[in-house]
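Read-outs: derived from the displayed coordinates by stated rules, not from any lab. Quick caveat: nothing in here was measured; it's all calculated off a predicted structure. Positions of Cβ are generated from backbone atoms using ideal geometry, with glycine treated the same way; all protein chains shown enter the neighbour counts.
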Amino acid sequence: MEKILIISSTRNSNFDMSKKIKNFFDGLAPTVAELICLEDFSLPLFTPTLEMQFKNNEDFPEDIGKIKDFLLSSKAIVWCSPEYNGGISPILTNAIAWISRATTDWKEAFINKKMLICSSSGGNGKNFVEGLRLQLKYLGSEVMEDCIIQTKKQSISENEFNKKLSQFYKNLPS
Ligand SMILES: Cc1cc2nc3c(=O)[nH]c(=O)nc-3n(C[C@H](O)[C@H](O)[C@H](O)COP(=O)(O)O)c2cc1C
């Protein structure tokens, strides 16, 4: 069954938020929500030289294939990731680079998929959200206009949190 994939970049506050998101979707059976954390995948730093080595040896690290398959088998994706230095964190950028190279067509894992961007960040996280939105749209995804942001100073109310997730869910293809 096609599922909603929740991807947390870290094992900290973004993972906590991801678990809450999974709980929300788990309450909407028969929807299947799966949660993964990028920290659990052993992805080397993408360089063209390393990729060429893998190609020449016909030996790509197993985790690259694993993460690619998680995306390919999902109909919608929720990203939970912190803002780093006014942008996207390296673990997420690196994962997207490998996924785009591991598929037959570079957009394959992203194109026409519904996406929601969430962030638990130190400041307001908006640069991250806008940066990832641009990138996902470039990859052909349909990104929800609204996003979920919580910061160290400002948490999001449960009501608001559930409202945004419901809005995302309502627009998913059946
Ligand atoms: C290298 C680095 C850069 C950061 N830059 C920003 C930033 O530009 N804006 C921001 O809001 N928070 C920034 N932070 C703070 C993180 O967003 C914040 O600690 C967040 O909660 C980390 O997510 P986590 O709890 O899931 O690990 C930065 C943290 C690190 C480690």
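General observations
- Helical mean residue ellipticity (222 nm; -39500 (n - 2.57) per DSSP H run of 4+; nearest 500) of the chain: -13000 deg cm²/dmol
- The loop-placed trypsin sites (Lys or Arg not before Pro) in segment 106-155, going by DSSP, that have at most 11 neighbouring Cβ atoms within 10 Å of their Cβ come out as Lys152, Lys153.
- Segment 3-170: Cα Rg divided by the 2.2 N^0.38 Å rule of thumb: 1.02
- Rounded to 10°, Cα long-axis angle of helix 158-170 versus longest principal axis of the chain: 60 degrees
- Backbone N under 17 Å from the Lys126 label point (7 Å along Cα→Cβ), restricted to segment 56-88: 83-88
- Proximal lysines to Lys19, defined as alpha-carbon separation beneath 23 angstrom and excluding residues fewer than eight positions away on the same chain: Lys3, Lys66, Lys68, Lys75, Lys113, Lys114, Lys126, Lys152, Lys153, Lys163, Lys164, Lys170
- Beta bridges per DSSP with both ends in the chain, % antiparallel, nearest 5: 10 percent
- Each of Ile36, Ile88, Ile96 was scored by other Cβ atoms within 10 Å of its Cβ. Listed from fewest to most, they are Ile36, Ile96, Ile88.
- Net +/- balance of residues flanking Leu132 in space, Cβ distance below 12 Å, scoring K and R +1, D and E -1: +1
- Filtered GluC sites (Glu not before Pro), segment 1-84: DSSP coil and at most 15 other beta carbons within 10 Å: Glu2, Glu58
- q = 0.13, 0.14, 0.22 Å⁻¹: log10 I(q)/I(0) that the Debye formula gives for segment 84-148, counting C-alpha atoms only: -0.35, -0.41, -0.94
- In order along segment 119-132, the phi-based Karplus estimate (6.51 cos²θ - 1.76 cosθ + 1.60, θ = phi - 60°) of 3J(HN,Hα) comes to 8, 10, 10, x, x, 9, x, 5, 5, 4, 4, 5, x, 5 Hz; Gly and Pro are listed as x.
- Between Asp105 and Asp146, the contour length at 0.36 nm per residue exceeds the alpha carbon distance by 11.9 nm.
- Cα→Cβ-extended label distance, 7 Å offset, between Glu34 and Arg11, nm: 2.1 nm
- Computed lengthening from Leu45 to Ser157, 0.36 nm per intervening residue step minus Cα-Cα distance: 36.6 nm
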